[in-house]
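> The structure's right below; bear with me while I get my questions together.
Since every read-out is calculated from the coordinates, none of them should be taken as a lab result. Since we're looking at a predicted model, the values are computed, not measured. Note that each Cβ is placed from the backbone with ideal geometry, even for glycine, and that neighbours are counted across all protein chains shown.
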Amino acid sequence: MNKAELIAFEEDIKVHFLNAEIRAPVHFSAGNEDALIKIFKEIRETDWVFSTHRNHLHALLHGIPKEWIKSEILAGRSMHLNNQEYKFMTSAIVGGCLPIAVGVAMALKIKGSSDKVFVLVGDMAASVGTFHDCAQYAARNNLPITFIVEDNGLSTNTPTQEAWGSSDSQPSIISYKYKRGCPHINAGVWVIFK
């Protein structure tokens, strides 16, 4: 799908929304078509894609028929387009798909599959702990997953840096190593309570 087709699809949905034909929130992706087209050239049909509440273009670029996507949006399911046949899952919860995507990536690794997982999040979601936990776990376990951060500089309508602080600042962390001199719990012997 090319840029003009992506824009035309969302413009069509916008008309339906403005005519009060969609009785649920709708989130549009205008402005990032070029980047998404480039990214989705690397995503195969057999790969898993996990997305956010702003998922229309992701679904189209992953090959889901636009008629199915439009019918789901018109039915009020814009924020949670899920299609198992196309290995496409979304969540309107900030970072909601991240742990699921990591779990699927672990399953693919265990199965020895050549398929991969791609998970798209906004810059706000990339600021929360779940993102960092999942990215670190995936890296340490060499999982077949790619995290894609769509950075529009906003957390909903607030500049992300105002909401979450500067990305240039680093926390003060002290880390040291030691050899444990006692067991994880108790005194190292079983105690039977009377």
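> What are the ³J(HN,Hα) couplings of the stretch 129-141, residue after residue, when phi is run through the Karplus curve with 6.51, -1.76, 1.60 and θ = phi - 60°? Round to Hz, x for glycine and proline.
Values, residue by residue: x, 4, 4, 5, 4, 5, 5, 5, 4, 4, 5, 5, 9 Hz.
> With θ set to phi - 60° and the Karplus curve 6.51 cos²θ - 1.76 cosθ + 1.60, what are the ³J(HN,Hα) couplings of the stretch 68-79 in order, to the nearest whole Hz, using x for Gly and Pro?
5, 4, 4, 5, 5, 5, 4, 7, x, 10, 4, 7
> By the gyration tensor of its Cα atoms, with a ≥ b ≥ c the square roots of the eigenvalues, what is the shape of the stretch 41-111: rounded for a/c under 1.5, prolate for a/b over b/c, or oblate? All intermediate terms of the calculation are to be shown ahead of the outcome.
Details: a/c = 2.29, a/b = 1.43, b/c = 1.60.
Oblate.
> Put one equal scatterer on each alpha carbon of the chain, apply the Debye formula with no solvent term, and list log10 I(q)/I(0) at q = 0.09, 0.14, 0.19 1/Å to two decimals.
Listed by q, the Debye log ratios stand at -0.43, -0.86, -1.37.
> Okay, next question. Would you mind telling me which residue in GLY153, GLY165, GLY63 has the biggest mean-square fluctuation in a Gaussian network model of the chain, where springs connect alpha carbons within a distance under 10 angstrom?
It is GLY165.
> Something else: Less than 13 Å Cβ to Cβ from ALA105, Lys/Arg counted +1 and Asp/Glu -1: what total charge do the surrounding residues give?
Computed value for this residue: +3.
> Using the Cα centre of the stretch 3-160 as origin and beta-carbon charges of +1 (Lys, Arg) and -1 (Asp, Glu), tell me which of ASN157, SER91, ILE13 is placed farthest towards the positive end of the dipole.
SER91
> Could you please report the charge total around THR46, scoring K, R as +1 and D, E as -1 over all other residues with beta-carbon less than 14 angstrom from its beta-carbon?
Working: positive: ARG44, LYS87, LYS111, LYS116; negative: GLU42, GLU45, ASP47, GLU85, ASP115.
Charge balance in the 14 Å sphere: -1.
> Do the alpha carbons of any pairs in LYS3/LYS66; LYS38/LYS70; LYS41/LYS70 sit beyond 19 Å of each other, and which pairs?
Numbers: LYS3/LYS66 14 Å; LYS38/LYS70 23 Å; LYS41/LYS70 23 Å.
Exceeds cut-off: LYS38/LYS70; LYS41/LYS70.
> Related question: What net charge is computed for the residues neighbouring GLY153, neighbours being all others with C-beta under 11 Å from the C-beta of GLY153, Lys and Arg scored +1, Asp and Glu -1? Don't jump to the answer; show the numbers that get you there.
Values: positive: none; negative: ASP123, GLU150, ASP151, GLU162.
Around GLY153, the charge tally is -4.
> List the aspartates and glutamates whose Cα lies under 15 Å from the Cα of LYS87, skipping any in the same chain that are fewer than 8 positions away.
Of all the aspartates and glutamates, those that pass the test against LYS87 - Cα under 15 Å, at least 8 places apart if same chain - are GLU45, ASP47, ASP115.
> Ranked by Cβ crowding within 10 angstrom, fewest neighbours first, how are VAL49, VAL102, VAL128 ordered? List each step's numbers first, then the result.
Numbers: VAL49 27, VAL102 23, VAL128 14.
With the fewest neighbours first, VAL49, VAL102, VAL128 line up as VAL128, VAL102, VAL49.
> Among bridges DSSP assigns within the stretch 3-160, what percent are antiparallel (round to 5)? Before the final figure, lay out each step's value.
Values: 3 of 15 bridges.
About 20 percent, rounded to the nearest 5.
> Shifting gears a bit: Specify the residue with the greatest mean-square fluctuation among GLY181, GLY31, GLY103, computed from a Gaussian network of the chain linking alpha-carbon atoms under 10 Å apart.
It is GLY181.
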